[in-house]
Amino acid sequence: MSATDQTDTGGAALRIEGLKFRHAGGGPGWLIDVASLRLGAGEQMLLTAPSGAGKSTLLQLIAGLMDPQEGTVEVAGQEVHALRGAARDAFRGRRIGMIFQTFQLLNGFTALENVELAMMLGGIGAGERRGRAAELLRQLGIERPEAEPERLSVGQQQRVAVARALACGPKLVLADEPTASLDPETAAGAMDVIQESCRAAGAALLCVSHDPAMGARFARRERLGGGVRAAAGV
Amino acid sequence: MTDLTLVRKSLLARLPSTVVTVLTVGVAVALLLLLLSMREAGRQSFQRGTGDMHILVSADASPLASVLNSVFYAAAPARALRMDIYEKIAEDPRLEYAIPVQQGDNFRGFPTMATVPAFFEKFRPEAGANGRGFRLRAGAFMKDTFDVVLGAGVAEATGAKVGDKLVITHGAGRGTPKVEGMSPEEADMHVHDEFPYVIAGILEPTGSAHDRAVFISLDSTWIIHADERRHADARAAGRPAESVPEPTKENLRPEEKLITGVYIRVKTREGSEGSPAIGAVFDQLRRDVRLTVARPSREIDRLLEIIGNIDRILIAIAAVVLVSSAISIALALYNSMEQRRRQIAVLRVLGASKRRVFGLVMTESAILGLLGAGVGAAAAALGTGVVVAELQRRTGLVVDPTLEVRAFVAVAMGAVVLACLAGVLPAVMAYRTTVQRGLRAVG
């Protein structure tokens, strides 16, 4: 078993220790300063913070898209930043799903292809991709998987984005302001889909949002404070 | 879905830009392939086309014009020589042959070559001592005065068969010599329908300009033109047409027996092309100021030298066009990068490595080059056909273009390599695209 395949199946989906980050030339203080944070397998947590507090940066650090100056991030037992280059990217593709505020679905690709693409990059064999993607979209209630996302309703687009995030059976789903561009009714529906889908897939969900109304949906809530220091409890 | 699917979708998403870029590369590749294939074929065709003659005598303005007109049928020779000049030349015992020819008329645009039986018996249209002579595909060589033998190209183009009758038209369509008593328009339009010819034979292809010639006897053309001239003279003098004596071989006057050239071969040792006598005969003939004396092989070398300089320039231009097409690939990809940052960021989030993203852009670039090479090869194949036909129509040059596989592969590979080089900068941009920058919504 390679290093990238190591997973802590019985333990935390996410473990952060002493994570510190600031942009180059970004001043003396830390933008991200998380002393310790643990998210159990299948657990769901809301992380709130005002705009500009570094929520998205934290998610990118967790996903291994950025390197911290200090600290460690473990996803499913694998220290993300210990992996280099393509190995880290492959790990991200397989173990971490991401959902964005504006969905970030690819134009020119059908809903099915958007999901298949994630599976291809996540290393799922060509033979099983189409069937799995179609089934996933069916489960999420996508009526026209062969349609391009821009021809689908906003709610359906959100579901395709969720399907893509769950395509490779991730241990952790990172949702970045997933409802910020939706009206309250659609937002509620979208959050239902995200939370239920993650629950069904057994994936932990870390949702960042500045929307206080989201609080009621999560049993566990933490606040990333002031852009200088955050200490989320274990 | 594969990485190629991503590349294909990316190219299709920018279809107009993709098409323009591919066409730009295609034009450059076509130009290069066309020039490379035509260059060697043209050279061979010219060298082959002069046949085994050593010297050409005419009254043309220059030796090169004389060769182009009298051997390649580029235009009707502008001036004529009297037969007695030929007879004097032919007395030289150093000559293997001296064959009189006269050009100036045409059959459906194909130039006539009026000559004597020795043209078929002695002159070899393929260069070199071992070149093949004329061979018949059908029928026989000329026996009667108004027999005609068709070059292979003429028979093919017109569908004419042995035994068919045809009439020739005055003028070769270009640079028609003057006919006394007729306006140039009348002369050009004048059909010699009072003197029909019978097709006696059809030649096998020789790969030379003679394939598009219509061979008639000197006697016949003299009779036709003597008849014309005598009637014109009678009209000018106010005499009735009935008073004009019908021209025959026997009653032709010396001034009615005109030729436009003499094909000459000097005697050489068997199997040899060279002889000191060639230079001596050449120098002796040049002393006669009435004559334009050419050594066809030298004139063709001179012509090829001129063409060689031009085709080097053309090939350089084509290479520059290919390089600029590579720049257009770079620009197309560079311009698309801004729109594709989001796509690249999404691919990165989904697990694509930077190297894979780099590879995708490079593949896209290589495919543009490959498509361009394909389009170029197809265009070159079509273009070659057009150029060959046009060259044959305008100059009589029968070109058989061939392109070595190696040259084709080199040009196609060159296009792909240049396209890849053009893709490096956009690929590096893609490689360096950060997810933060790509996904602006991620704050």
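The values are calculated or read from the model by the stated rules, or taken from the named source; none is laboratory data. Keep in mind that this is a model prediction, so the values were computed, not measured. Neighbour counts run over all protein chains shown; Cβ positions are idealised from the backbone, glycine included. Accessible surface is based on the protein model in full, side chains and every heavy atom, while ligands, DNA and RNA are left aside. Shrake-Rupley method; radii C 1.70, N 1.55, O 1.52, S 1.80 Å.
Here are a few things to note about the model shown:
- Restricting the range B:280-296 to residues that are closer than 21 Å to residue B:68 by Cα and open to solvent by less than 70 Å² (accessible area, probe 1.4 Å) leaves a set whose member that is nearest to the chain's Cα centre (by Cα) is B:296.
- Helices (runs of 4 or more DSSP H) within the range B:7-115 that include 3 or more residues assigned by TED's automatic domain parsing to the domain that holds residue B:369: B:15-49
- Conditions (1) surrounded by fewer than 24 Cβ atoms within 10 Å (Cβ to Cβ); (2) within 23 Å of residue B:290 (Cβ to Cβ); number of the one not met by residue B:124: (2)
- Condition check for residue B:289: over 24 Å from residue B:372 (Cα atoms) and in contact with a strand residue (DSSP E or B) (Cβ under 7 Å, 6 or more places away or on another chain): no
- First in the range B:65-78 and under 11 Å from residue B:209 (Cβ atoms), second anywhere and in a helix (DSSP H, G or I) and of a type in the set (S, T, N, Q), Cβ under 9 Å, 6 or more apart: B:68/B:395; B:72/B:395; B:73/B:395; B:74/B:395
- For residue A:111, the stated conditions hold: it is more than 18 Å from the chain's Cα centre (by Cα) and crowded, with 24+ Cβ neighbours inside 10 Å.
- Qualifying residue in the range B:211-232 (condition: more than 30 Å from residue B:159 (Cβ to Cβ), assigned to a loop (DSSP other than H, G, I, E, B) and of a type in the set (A, V, I, L, M, F, W, C)): no
- Residue count for the range B:127-138 under the criterion of being at pLDDT 90 or above and crowded, with 20+ Cβ neighbours inside 10 Å: the result is 1.
- Residue that is modelled with the lowest pLDDT, among those in the range A:105-125 that are more than 16 Å from residue B:352 (Cα to Cα) and within 12 Å of chain B (Cβ to nearest Cβ): A:107
- Set A:159, A:144, A:132: member being away from chain B (no Cβ under 13 Å), of a type in the set (D, E, K, R) and either surrounded by 15 or more Cβ atoms within 10 Å (Cβ to Cβ) or under 22 Å from residue A:75 (Cβ atoms) (or both): A:159
- Selection of first residues in the range B:1-16 that are farther than 15 Å from residue A:129 by Cβ and in contact (Cβ under 8 Å) with a residue 40 or more places away in the chain and of second residues that are of a type outside the set (A, V, I, L, M, F, W, C) and open to solvent by less than 30 Å² (accessible area, probe 1.4 Å), restricted to Cβ pairs under 7 Å at least 6 apart or on distinct chains, gives the following pairs, ordered by first then second residue: B:7/B:364; B:10/B:364; B:11/B:18; B:11/B:364; B:14/B:336.
For (1) free of Cβ contacts under 8 Å to residues at least 40 places away in the same chain; (2) in the same structural domain as residue B:86 (by TED's automatic domain parsing), each residue gets a yes or a no:
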| site | (1), (2) |
| --- | --- |
| B:278 | no, yes |
| B:286 | yes, yes |
| B:290 | no, yes |
| B:314 | no, no |
| B:322 | no, no |
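- Qualifying residue in the range A:123-132 (condition: of a type outside the set (Lys, Arg) and touching a Cys at 6+ places or on another chain (Cβ under 8 Å)): yes
- For residue B:212, the stated conditions do not hold, so it cannot be described as more than 14 Å from residue B:194 (Cβ to Cβ) and either free of Cβ contacts under 8 Å to residues at least 60 places away in the same chain or in contact with a Lys or Arg (Cβ under 7 Å, 6 or more places away or on another chain) (or both).
- Conditions (1) of a type in the set (Ser, Thr, Tyr); (2) under 30 Å from residue A:54 (Cβ atoms); (3) open to solvent by 20 Å² or more (accessible area, probe 1.4 Å); number of the one not met by residue A:179: (3)
- Hits in the range B:54-109 - residues which are open to solvent by 10 Å² or more (accessible area, probe 1.4 Å) and of a type in the set (Asp, Glu): B:84, B:87, B:91, B:92, B:96
- Residue B:339 fulfils the conditions (1) within 14 Å of chain A (Cβ to nearest Cβ); (2) surrounded by 15 or more Cβ atoms within 10 Å (Cβ to Cβ) except for a single criterion, (2).
- Looking only at the range B:342-369, and only at residues there that are crowded, with 22+ Cβ neighbours inside 10 Å and of a type in the set (S, T, N, Q), the one that is farthest from the other protein chains (Cβ to nearest Cβ): B:365
- Selection over the range A:84-102 of residues that are at the interface with chain B (Cβ under 7 Å from one of its Cβ atoms), in contact with a strand residue (DSSP E or B) (Cβ under 9 Å, 6 or more places away or on another chain) and open to solvent by 30 Å² or more (accessible area, probe 1.4 Å) gives a count of 1.
- Condition met for residue B:19 (modelled with pLDDT of 90 or more, among the β-branched types (Val, Ile, Thr) and in contact with a helix residue (DSSP H, G or I) (Cβ under 8 Å, 6 or more places away or on another chain)): no
- Extreme residue, surrounded by the most Cβ atoms within 10 Å (Cβ to Cβ), among residues of the range A:59-83 that are within 19 Å of residue B:439 (Cβ to Cβ) and among the hydrophobic types (A, V, I, L, M, F, W, C): A:62
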